[in-house]
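J.: Here you go, one structure.
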Amino acid sequence: MNQWLDDRLNISRLNDKFLRKAFPVHHTYFLGEITLFSLIVLLLTGVFLALSYEPSTRLVPSFLDKTQMVPAAYSSILRINFMPFGDMLRRIHHWSANLMVAASILHMMRIYFTGSFKKPREINWWIGMLLLVFTIITAVTGYSLPYDNFAKTTLGVVVGIVASVPWVGDWLAQAAFGGKFALDNAFMIPRVYGYHIMLLPAILLGLTGAHLLIMIKQKHTQPQYAKRIAYKKIVGVPLSTQQTPIALMLAFLMAGIVILFATFIPVHPVEVFGPASDNPVANIKPDWYLLWIFGILEMIPASAKFTLFGGEIGPEFIGGIVIATLTLLVMLAVPIFDQSKENLYYSENPTDHPKRLAGGIAFFGLLLVWSVAGYKNDFQWPVMPFYVLSVVVPLVLYFVTIAIVRGIKSFRAADERDMAQGAAADD
Amino acid sequence: MTRYMRQDPELTRRKFINVAMGTTVGVGALSLLSIVGGVKPADTLTPEKRLPAKGDVLVYADAAKNGAPVALADIKEGQVVYAFPKGKVGGADVVKNGLARNQLIIAKFAEGQIKAPTDLAGTDQGIVVYSRQCMHLGCAVEVKAYPSKNLQEAAVCPCHGGVYDMTQGARVADGPPPAPLAQIPIKVIGGQVVAQGTFLSLPYDITEAEFASQKKELEKA
Ligand code: HEM
Ligand code: FES
């Protein structure tokens with residue numbers, strides 16, 4: 001059969017070009033693969049959810065209590081929960097979304113700390129950033145679909161943030177969400193549904209394809225041990241066939257863990273929040289990966305507002321968009337700070353670049369401070385300490401990291417001296 | 001030794017193609033824009049979404065009470081009632097519960113506790129009424145004590161911690177909201193709480209222009 005296909009499709013060329021690609025073997029190199037597998041699981045479970053979900057705000061008798069009128073979207077989620085494996089499907093979808101975000105963040109940390117974003121791989125760093133941003137947007141739109149009171153409150157805040165853009169915000173929010181935000185807005189849920197199951201997955205798939213093709217074209221950076229084995233040669237196992245079983249094992253392991261999570265930890269209990277209404281949800285928090293923006297929104301004071309050329313710039317816009325955009329821009333700019341003209345072959349040891357290492361740790365420290373600020377409201381904490389911490393924590397982390405790296409370096413140097421002396425004494 | 005002098009044509013092939021392609025792209029982009037322009041549906045102001053107006057009676061927001069007027073006995077110090085305005089729109093009685101901003105907080109404070117910048121003329125027997133929708137990003141606020149700002153009864157937003165002092169015109173006491181909650185002037189008439197006008201300041205999710213035009217409409221009616 002191979003021969004038959006080869007005669008027609010010339011698959012041996014495909015084989016030589018793509019399927020023999022050598023994959024380095026190192027545990028941190030599998031984070032990207034886990035991201036990819038989560039995407040695949042999301043697509044599969046998402047298709048099945050879409051078969052039973054009804055994207056509509058029309059009021060219908062509730063699936064559980066026929067005397068109560070609830071939005072059709074909400075009722076359809078209740079029905080899914082009662083289908084065989086329906087709740088399980090939702091849970092797997094939900095946990096895979098969390099895993100996808102977590103794995104891409106860890107993947108990105110690996111790229112950053114080992115310097116793998118350097119020339120020639122800047123483009124893939126930028127594509128990766130876009131993937132992360134779009135994954136998060138996809139997750140947020142997914143959250144809104146059940147149209148329970150939590151989903152509705154989240155969606156209201158998202159619409160409000162879009163509407164806070166000066167000059168065009170009002171139009172933008174109404175165009176994107178089909179008119180002003182209201183419980184009975186008939187366009188809103190169908191729009192969000194369209195984004196969640198068509199537009200955004202298409203963007204994610206397109207970007208993922210580009211990401212992988214560029215990676216195959218440019219080849220992985222090689223782990224340090226490859227330098228010792230065969231200098232400037234690609235060391236690794238070919239995708240077909242040796243890498244494939246490794247990847248499959250990883251995929252099954254991941255699927256197993258996700259299913260274990262899904263079995264024992266329920267997700268988003270829509271009945272607890274009840275159908276969308278104009279009542280508040282106590283202690284509402286976004287998912288962990290958006291807590292930092294939530295914290296910023298809490299930290300920007302009411303006084304941060306001014307008018308510019310007739311456009312209102314207020315704390316909603318500054319907290320919801322400006323600071324988050326600046327943060328992402330800093331991340332996008334990472335490869336630009338690197339001046340090397342040479343192509344990078346080998347992953348660098350993070351401790352050989354203490355400033356980069358310390359900068360990265362300080363950055364995560366800052367995001368952590370902002371995330372903790374997301375809990376300010378619950379404890380009635382004053383806002384001032386968080387401004388101070390936003391400066392102090394990153395600075396302290398930066399210098400402590402540099403000091404630790406210096407310490408390690410001097411220990412290592414001392415060790416080497418001892419070894420050399422020991423070796424000399426042996427002679 | 002060229003036989004023919006090569007004449008520069010007025011239009012090179014490259015230029016022709018560029019202009020032709022540019023025109024095509026331009027026309028295409030314009031038609032695409034007309035589609036994008038159409039994705040925003042026209043605003044339809046259903047009766048339930050209209051602004052509260054003078055003469056509207058405040059009725060319980062709680063669906064179980066079937067739109068009955070709020071009883072004065074239920075409005076006590078330290079215990080608020082949530083309500084919607086109910087009034088005539090085009091001759092028919094309508095409970096204006098179509099938008100979150102029309103859900104109102106009815107609060108009562110002891111004599112002399114309510115101070116400026118509250119519109120004092122719009123309060124009666126210590127009762128003051130505000131929109132329940134947070135001015136930051138539109139969540140519904142809750143009423144509870146907020147000891148860290150010395151407020152016994154404050155409107156607190158569960159979303160990003162906006163805190164409003166209801167005794168002082170719902171000024172922002174803490175958190176990010178860019179403006180106070182919008183007050184509704186009321187009077188107690190025949191045991192009912194009756195609105196004496198619409199929101200005194202811009203409520204959430206409405207532009208100045210829309211607010212002005214809807215207010216004008218109210219005056220006509
Ligand atoms: C690619 C990345 C994706 C991410 C990050 C993602 C994330 C999410 C999340 C977090 C939810 C909320 C789950 C819950 O509340 O239980 C959700 C719901 C949903 N998603 Fe996705 N999703 C993705 C792709 C897809 C795809 C490709 C489809 C369809 C083809 C889909 C269909 C659905 C449906 C129908 C729901 C509503 C059902 C429910 O809430 O349980 N998703 N998604
Ligand atoms: S929505 Fe009320 S503080 Fe943000």
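The values are calculated or read from the model by the stated rules, or taken from the named source; none is laboratory data. Remember, predicted model here, so these are calculated numbers, not experimental data. Virtual Cβ from ideal backbone geometry, glycine too; neighbours counted across all protein chains shown. Ligands, DNA and RNA are excluded from the accessible area calculation, which covers all protein heavy atoms including side chains. Shrake-Rupley method; radii C 1.70, N 1.55, O 1.52, S 1.80 Å.
J.: For the residue pair A:SER52 and A:GLN380, what label-to-label distance in nm results when each label sits 7 Å from Cα along the Cα-to-beta-carbon direction?
T.: The answer from the label model is 4.5 nm.
J.: Now for a separate question. Starting from the Cα gyration tensor of the stretch A:1-89, take the square roots of the eigenvalues, sort them a ≥ b ≥ c, and report rounded, prolate or oblate (rounded when a/c is under 1.5, otherwise prolate if a/b is larger than b/c, else oblate). Don't skip to the end; give the middle numbers.
T.: On the way: a/c = 4.51, a/b = 2.48, b/c = 1.82.
Verdict is prolate for the stretch A:1-89.
J.: Mind giving me the nanometre distance, one decimal, between the label points for A:ASP184 and B:PHE16, set 7 Å out from Cα along Cα→Cβ?
T.: Distance between the two pseudo-spin positions: 6.2 nm.
J.: If you roll a 1.4 Å probe over the heavy atoms of the protein chains, what accessible area per residue do you get for chain A, in Å²?
T.: On the way: 22000 Å² over 427 residues.
For chain A, the per-residue accessible area is 52 Å².
J.: Could you identify which residue out of A:PHE48, A:PHE309, A:PHE113 has the top mean-square fluctuation in a GNM of chain A using Cα springs shorter than 10 Å?
T.: A:PHE309
J.: Report the calculated FRET efficiency for A:TYR225 and A:VAL322 (r = Cβ-Cβ distance, R0 = 30 Å), to the nearest 0.05.
T.: Working: r = 44 Å, r/R0 = 1.47.
With a Förster radius of 30 Å, E is 0.10.
J.: Where the centre of each part is set by its Cα atoms, how far does the stretch B:46-91 sit from the stretch A:392-427, in angstrom?
T.: Distance between centres, Cα-based: 73 Å.
J.: How tilted is helix A:122-144 with respect to the longest principal axis of chain A? Cα atoms for both, answer in degrees (0 to 90, nearest 10).
T.: 30 degrees
J.: Skipping prolines and chain starts, which residues have an amide H placed within reach, meaning under 5 Å, of the one on A:VAL237, given they are 5 or more residues away or on another chain?
T.: Counting only residues 5 or more places away or on other chains, the set is A:PHE23, A:VAL25.
J.: Given an 8 Å cut-off on Cα distances and at least 6 residues of separation, report the relative contact order of chain B as a percent. Before the final figure, lay out the partial values.
T.: Numbers: 415 pairs, mean separation 39.0, N = 221.
For chain B, the relative contact order is 18 percent.
J.: I've got another one for you. Using heavy-atom solvent-accessible surface (probe 1.4 Å) with all chains present, what is the largest-first order of A:TRP95, A:TRP171? Don't jump to the answer; show the numbers that get you there.
T.: Working: A:TRP95 55, A:TRP171 105 Å².
Greatest to least solvent exposure: A:TRP171, A:TRP95.
J.: Same structure again: Got a number for carbon plus sulfur as a percent of chain B's accessible area, 1.4 Å probe? Please list the in-between numbers first.
T.: Values: 6680 of 11780 Å².
Solvent-exposed carbon and sulfur of chain B make up 57 percent of the total.
J.: When chain A is treated as a GNM, springs tying every alpha-carbon pair under 10 Å, which of A:ASN98, A:ASN124, A:ASN343 comes out with the largest mean-square fluctuation?
T.: Among A:ASN98, A:ASN124, A:ASN343, the largest GNM mean-square fluctuation belongs to A:ASN343.
J.: Take the alpha carbon atoms of the stretch B:47-220, find their radius of gyration, then divide it by 2.2 N^0.38 Å using N residues; give the quotient.
T.: Values: Rg = 15.0 Å, N = 174, 2.2 N^0.38 = 15.6 Å.
Taking N as the residue count of the stretch B:47-220, the ratio is 0.96.
J.: I've got another one for you. On the accessible surface of the stretch A:349-427, probed at 1.4 Å, how many percent belong to carbon and sulfur atoms? Please report the intermediate quantities before stating the final value.
T.: Values: 3590 of 4970 Å².
The value for the stretch A:349-427 is 72 percent carbon and sulfur by accessible area.
J.: Any chance you could give the angle, 0 to 90 degrees and rounded to 10, that helix B:13-37 forms with the longest Cα principal axis of chain B?
T.: Taking the Cα atoms of chain B, the angle to B:13-37 is about 20 degrees.
J.: Could you provide, to the nearest whole Å², the per residue accessible area of the stretch B:47-220 with probe 1.4 Å?
T.: Details: 7010 Å² over 174 residues.
About 40 Å² of surface per residue is accessible.
J.: Taking the Cβ-Cβ separation of A:MET249 and A:LEU19 as r and a Förster radius of 22 Å, what is the calculated FRET efficiency to the nearest 0.05? Don't jump to the answer; show the numbers that get you there.
T.: Values: r = 18 Å, r/R0 = 0.83.
The calculated FRET efficiency here is 0.75.
J.: Can you say what percent of the DSSP beta bridges in the protein assembly as shown, counting only those with both residues inside, are antiparallel? Round to 5.
T.: On the way: 46 of 48 bridges.
Counting only bridges with both partners in the protein assembly as shown, antiparallel ones make up about 95 percent.
J.: Need one number: buried accessible surface between chains A and B, 1.4 Å probe, both sides summed, DNA, RNA and ligands left out, in Å² to 100. Show your work: numbers first, answer last.
T.: On the way: alone 23470 and 13240 Å², together 33780 Å².
Adding both sides of the contact gives about 2900 Å².
J.: Out of residues 5 or more away from B:GLU153 or on other chains, whose amide H comes under 5 Å of its own, with H placed 1.01 Å from N in the peptide plane?
T.: Counting only residues 5 or more places away or on other chains, the set is B:TYR146.
J.: Let me have the relative contact order for the stretch A:254-404, percent, based on Cα pairs under 8 Å that are six or more residues apart.
T.: It comes to 27 percent, rounded to a whole number.
J.: If you average the sequence gap of Cα pairs under 8 Å that are 6 or more apart and divide by the length of chain A, what percent do you get for the contact order?
T.: On the way: 491 pairs, mean separation 88.9, N = 427.
Computed value for chain A: 21 percent relative contact order.
J.: Probe radius 1.4 Å, ligands and nucleic acids ignored: give me the carbon and sulfur share of the accessible area of the stretch A:139-254 as a rounded percent.
T.: 76 percent
J.: Whole angstrom only: what separates the Cα centroid of the stretch A:202-247 from the Cα centroid of the stretch A:63-140?
T.: First find each Cα centre; the distance between them is then 25 Å.
J.: Can you give the angle from 0 to 90° between the axis of helix B:208-220 and the longest principal axis of chain B, with both taken from C-alpha atoms, to the nearest 10?
T.: 60 degrees
J.: Would you mind checking A:LYS180/B:LYS187; A:LYS180/B:LYS86; A:LYS21/A:LYS118; A:LYS233/A:LYS341; A:LYS180/B:LYS76; A:LYS285/B:LYS115 for any pair whose Cα atoms are more than 28 angstrom apart?
T.: On the way: A:LYS180/B:LYS187 31 Å; A:LYS180/B:LYS86 22 Å; A:LYS21/A:LYS118 21 Å; A:LYS233/A:LYS341 20 Å; A:LYS180/B:LYS76 35 Å; A:LYS285/B:LYS115 34 Å.
Violating the 28 Å limit, Cα to Cα: A:LYS180/B:LYS187; A:LYS180/B:LYS76; A:LYS285/B:LYS115.
J.: Here is a further query. Would you mind checking the stretch A:16-51 for residues with the amide N under 11 Å from a putative spin-label position 7 Å along Cα→C-beta of A:LYS217?
T.: Zone members listed by number: none at all.
J.: In the stretch A:376-399, what residues drop by 50 Å² or more in accessible surface going from the chain by itself to the full protein assembly, probe 1.4 Å?
T.: When all protein chains are present, A:ASN377, A:GLN380 each give up 50 Å² or more of accessible surface.
J.: Over the Cα atoms, compute the radius of gyration (one decimal) and Dmax (the largest Cα-Cα distance, rounded to a whole number) for the protein assembly as shown, in Å.
T.: 30.6, 111
J.: How well do other chains shield peptide B:165-172, expressed as the mean number of their Cβ atoms within 10 Å of each residue Cβ? Before the final figure, lay out the partial values.
T.: Numbers: counts 0, 0, 0, 0, 0, 0, 1, 4.
Rounded to a whole number, the mean comes out at 1.
J.: What FRET efficiency comes out for the pair A:GLU122/B:ALA63, r = Cβ-Cβ distance, R0 = 60 Å, nearest 0.05?
T.: Values: r = 57 Å, r/R0 = 0.95.
So, using R0 = 60 Å, E works out to roughly 0.55.
J.: Given the whole protein assembly as supplied and a 1.4 Å probe, what does the accessible area of A:ASP338 come to in Å², nearest 10?
T.: The accessible area of A:ASP338 comes to roughly 40 Å².
J.: While we're on this one: Quick one: Cα centre-to-centre distance for the stretch A:274-339 and the stretch A:171-200, in angstrom?
T.: 21 Å
J.: Next up: Please check the stretch B:20-62 for residues whose accessible area, probe 1.4 Å, is lower by 50 Å² or more when all protein chains are in place than in their chain alone.
T.: Residues passing the criterion (a loss of at least 50 Å², heavy atoms only) are B:VAL39, B:LYS40, B:PRO41.
J.: So how far apart, in nm, are the two label points at A:SER303 and B:ILE35 if each is 7 Å from Cα heading toward Cβ?
T.: 4.9 nm
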